[in-house]
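Working notes for the structure below.
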Amino acid sequence: MTLLIEPAALREFSAGQPLLLVVEGVEDTAALVLPGLSLWLVAPDAAGQRLYRPGGDPSRAVLPLPAPPADILAVVAPDRTRAAPLLAAWAEAAPDAPPLIEAATADAALAALAPRALAAWAAERAQAGELQRAMAMLRQEAEETREAMLALQMAVSGQAPPPAPVLALAAEPSAAHALAMQAGQAHLGQGLGVSLEGLAALALHVQEAPAAPGVRLKLRLYGAESGRVFGAWTLPGEALAPGWVTLDLPSPIGPVRETACLDLRAELPEGDRLALSLEDRQAPPDRAVSLAGSGPQERALALRLWIAPFGRRFTLVQHWNWEELDLPLLPAGVPVRLPTQLWSSALLPAGRVERVALGAEAPSLVATLQGGETCLVVLPAVPVSGIDLLQAELAVRIGDPALLEAALWLQPAGSWVAAEEDLSLLAPGSRWSGWRRPGPAGAPGGDALRIALRLPLDAPATLCAVLVLRNRGAAPEDLLRVEWAELTGCRLVQRVAAAAPAAPGQPTRPGAAMPRLSAGEAPKVKDIRLQEHYQTQDGGYRHLDIALEGVELGGFAWPRLRFKLADGGSGPLLEIRARPDWPLMFEAWPGRQADEYGPFLLIGATDLAGTFPARLKSERDRWMLLALVRLLPVAVASAAREA
């Protein structure tokens with residue numbers, strides 16, 4: 001005999017839930033519709049054993065199953081004779097037949113079904129524990145393999161220990177300017193103006209730390225082009241103290257050609273305050289911090305960024321949020337639908353709730369309430385990673401919407417909720433929306449109710465969502481039928497400000513430019529030395545490594561400077577490196593690139609005439625670059641004679 005199923009129901013049949021097969025002849029099968037259990041009826045005929053859902057049409061089951069399912073909890077039949085064709089069909093394709101429960105009614109089957117369900121649950125728990133242990137061992141082996149490969153690579157190449165991170169961006173905090181956040185939640189966004197490649201750590205400056213322990217600060221480092229999260233931290237209030245707060249990454253970011261952006265969310269209790277320092281100068285519009293509700297500011301946050309070669313530094317990180325790493329940020333403000341499997345796993349501890357579906361659509365939950373009745377719907381495990389807001393959408397299908405009261409609760413995942421009294425705000429991560437009511441009857445959208453609830457900043461990957469419905473009517477005829485139509489998530493993020501042209505009639509703020517020499521002024525140098533002359537065999541690349549000693553210009557002096565004049569076929573470039581054997585060239589390193597030898601900076605002729613001078617934070621650094629450019633002809637001529 002062949003097992004047949006309706007093609008449209010095959011996906012639901014293979015969803016992974018425990019299956020209960022009931023052969024025709026068992027009375028009151030509706031009592032076997034249980035949460036977390038997929039009930040299927042079996043109708044034998046000449047073509048085979050037809051599987052269909054309660055209320056379905058067995059004649060539509062025409063698709064042969066290639067193999068019997070493996071998630072059968074039991075087969076219920078009035079007697080063994082009625083189940084014999086089904087068990088025979090099973091024996092033809094599988095080594096073990098499912099357990100048989102002989103019962104004429106559903107109530108009689110429930111008594112025998114309970115111990116089998118407990119045994120199956122215990123077996124799955126044991127299997128899950130074995131898989132968890134195997135995963136932990138696999139991760140440990142992968143970590144050992146990675147460390148062994150790194151050690152072998154360093155041994156073969158003769159490399160020294162990992163170099164210390166190099167400061168790539170240093171914005172000094174202003175004592176008079178800070179961004180203050182009051183009670184509630186605040187959202188900030190800022191473009192950092194540097195590439196993600198090589199970033200190893202960042203630090204922000206706290207001017208005023210909160211006093212209450214319930215403060216949370218959540219930071220996400222992401223790429224502007226893809227929205228992918230490369231770093232995520234959740235800091236408790238105890239970790240926030242006045243001064244620099246440093247946040248490491250587990251390892252420097254690899255070769256990612258994206259612009260770094262920072263997203264911050266702060267959650268403060270009533271009466272508390274958190275102030276983050278702003279830098280001591282005005283910032284370009286595309287680098288200024290943006291605050292939700294007030295738009296872009298004139299300054300950027302006081303930040304420090306460090307870079308290091310990829311694959312050479314590994315750190316055990318504090319306050320790291322592994323759940324959000326490598327996730328793409330959801331579109332800001334756009335609701336995203338949560339998995340439809342949530343509805344099939346819903347628990348219905350109180351009230352009259354049924355699952356209703358039209359055609360092949362996913363079923364929705366519809367509650368029926370008479371006057372004075374209360375109904376609870378529990379979703380035990382709702383995934384909330386990457387979202388900041390959870391919204392339930394209700395629709396009153398029958399009755400007066402003014403009689404409805406609804407509230408949305410968040411409880412720890414797996415919480416046991418049998419009645420409204422089991423809900424508590426004392427559990428970690430708990431939230432309550434308060435009682436909400438729809439709009440007045442007859443108004444546009446008056447029969448709909450949307451309940452939004454912000455998630456805590458330290459929310460785990462999954463939470464338990466509980467919807468409580470009340471009928472405020474007093475008479476039995478005050479009937480309500482309420483559909484839980486949708487559950488969506490939303491990400492709240494303050495967009496990074498984009499550089500916009502100035503309004504007509506308003507002058508643009510000039511960026512930093514190269515200094516200008518007065519008539520007759522020229523840089524001084526005491527000595528010029530050739531460090532190295534290198535050229536490939538094919539002549540495709542060559543460079544002069546030149547050191548300058550005793551350089552003076554513009555009232556500044558540098559004991560020693562060093563640069564490479566390189567030509568790889570696309571024009572001459574100045575190459576400057578941040579290494580222990582090189583002098584400290586810049587007060588704040590402006591480079592964005594690094595290789596196996598450390599951070600480096602390439603400067604072309606077009607860069608000097610473009611926006612590169614604005615990347616130099618100090619006037620001293622701009623005078624130093626001008627001195628190199630003015631001394632370049634003399635230095636190259638002297639080095640060429642030595643070469």
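The values are calculated or read from the model by the stated rules, or taken from the named source; none is laboratory data. Bear in mind the structure is a predicted one, so any value in this text is a computation, not a measurement. A quick note on method: Cβ atoms are made from the backbone with ideal geometry, for glycine too, and the neighbour counts reach across all protein chains shown.
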So which residues in region 58-90 are more than 24 Å from Gly16 (Cβ to Cβ) and free of Cβ contacts under 8 Å to residues at least 40 places away in the same chain, if there are any at all? Ser59, Asp79, Arg80, Thr81, Ala84
Candidates Thr2, Thr29 - the one that is farther than 21 Å from Glu102 by Cα and in contact (Cβ under 8 Å) with a residue 24 or more places away in the chain: Thr2
Yes or no: Pro269 within 24 Å of Ser195 (Cα to Cα) and touching a Gly at 6+ places or on another chain (Cβ under 9 Å)? no
Yes or no: Leu110 surrounded by 10 or more Cβ atoms within 10 Å (Cβ to Cβ) and without any contact (Cβ under 8 Å) to a residue 40 or more places away in the chain? no
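If I go through region 202-219 residue by residue, how many of them are under 19 Å from the mean Cα position of the chain (by Cα) and modelled with pLDDT of 90 or more? Give the derivation first.
First, pick out the residues of region 202-219 that are under 19 Å from the mean Cα position of the chain (by Cα): 202, 216-219.
Then keep just the ones that are modelled with pLDDT of 90 or more; that gives 202, 219.
So the answer is 2.
How about region 529-643: which helices (runs of 4 or more DSSP H) wholly inside it have at least 3 residues that are surrounded by fewer than 19 Cβ atoms within 10 Å (Cβ to Cβ) and of a type in the set (Lys, Arg)? Explain how you work it out, then say what you get.
Details: elements: 605-609, 612-615, 619-642.
The qualifying helices (runs of 4 or more DSSP H) are 619-642.
Here are Asp272, Asp286: which of them is touching a residue at least 12 places away in the same chain (Cβ under 8 Å), touching a strand residue (DSSP E or B) at 6+ places or on another chain (Cβ under 6 Å) and surrounded by fewer than 22 Cβ atoms within 10 Å (Cβ to Cβ)? Before the answer, list the steps.
Working: Asp272 fails: touching a strand residue (DSSP E or B) at 6+ places or on another chain (Cβ under 6 Å).
Checking each option against the conditions leaves just Asp286.
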Is it the case that Pro380 is buried (at least 20 other Cβ atoms within 10 Å of the Cβ), touching a Pro at 6+ places or on another chain (Cβ under 6 Å) and touching a residue at least 24 places away in the same chain (Cβ under 8 Å)? no
Does any residue of region 386-408 turn out to be aliphatic (A, V, I, L, M), in contact (Cβ under 8 Å) with a residue 40 or more places away in the chain, assigned to a loop (DSSP other than H, G, I, E, B) and crowded, with 18+ Cβ neighbours inside 10 Å? yes
Counting only residues that are surrounded by fewer than 15 Cβ atoms within 10 Å (Cβ to Cβ), hydrophobic (A, V, I, L, M, F, W, C) and either assigned to a loop (DSSP other than H, G, I, E, B) or at pLDDT below 70 (or both), region 320-336 contains a total of 1
Quick one: would you say Pro515 is part of a loop (DSSP other than H, G, I, E, B), more than 23 Å from Val636 (Cα to Cα) and either modelled with pLDDT under 85 or β-branched (Val, Ile, Thr) (or both)? no
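For region 445-452, does any single residue satisfy the condition of being at pLDDT 70 or above, assigned to a loop (DSSP other than H, G, I, E, B), surrounded by 16 or more Cβ atoms within 10 Å (Cβ to Cβ) and not assigned by TED's automatic domain parsing to the domain that holds Ala224?
yes
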Selection from region 210-236 of residues among the small types (Gly, Ala, Ser) and closer than 22 Å to Gly189 by Cβ yields Gly223, Ala224, Ser226, Gly227, Gly231, Ala232
Mind checking whether some residue in region 20-36 is surrounded by fewer than 18 Cβ atoms within 10 Å (Cβ to Cβ) and farther than 25 Å from Ala112 by Cβ? no
